[in-house]
Amino acid sequence: QVQLVESGGGLAQAGGSLRLSCAASGRTFSPYRVGWFRQTPGKERKFVAFINSSGDTTYYEDSVKGRFTISRDNAKRTVYLQMTSLKPEGTAVYYCAAGGGFGVKYHPGEYDYWGQGTQVTVSS
């Protein structure tokens, strides 16, 4: 089992920045691939960013490319999502998720473990 806890959410102005953290505990974390997703009320959870186990491969949803950066520190068992140039449409609950296996994981069903989420609100 892997337990994930997100932090770093809050209120930001449009154009501002936030850094989300996803701290892992439990089983060895380094082999897991990690994704960030976001969800608004009544909508499906949507892919935001992905990082592989070593941290040398990342992928982003098109609308966040160039503004968000995913990274990880396996020694600290933590994955980060640096968000800059925030937009009001980025208001959502942000979740991190961990999954084993291979390849890039874009879909929520490909992940085994989830955090409880952290609210990000971007005001215009």
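The values are calculated or read from the model by the stated rules, or taken from the named source; none is laboratory data. Note that this is a predicted model, so its numbers are computed, not measured. Cβ atoms come from the backbone with ideal geometry, glycine included; neighbour counts cover every protein chain shown. In case anyone asks, the SASA skips ligands and DNA or RNA and just uses the protein heavy atoms, side chains included. Shrake-Rupley method; radii C 1.70, N 1.55, O 1.52, S 1.80 Å.
Assorted remarks:
- Relative contact order for the chain, counting Cα pairs under 8 Å that sit 6 or more residues apart, in percent: 36
- In a reduced charge model with +1 at each Lys and Arg Cβ and -1 at each Asp and Glu Cβ, the chain shows a dipole moment near 120 debye about its Cα centre.
- Maximal additional length on extending the SER85-THR58 stretch stands at 7.8 nm, based on 0.36 nm per residue less the C-alpha distance.
- Hits among lysines - C-alpha to C-alpha of LYS87 under 27 Å, sequence gap 8 or more where chains match: LYS43, LYS46, LYS65, LYS105
- Rounded percent of accessible protein surface that carbon and sulfur make up, the chain, 1.4 Å probe: 48
- Normalised convex hull volume, the chain, alpha-carbon set, Å³ per residue: 93
- Using a probe of 1.4 Å, the accessible surface attributed to ARG77 totals some 70 Å² when neighbouring protein chains are kept in position.
- Taking every C-alpha pair closer than 8 Å and separated by at least 6 residues, the mean separation divided by the residue count of the range 75-124 gives a relative contact order of 47 percent.
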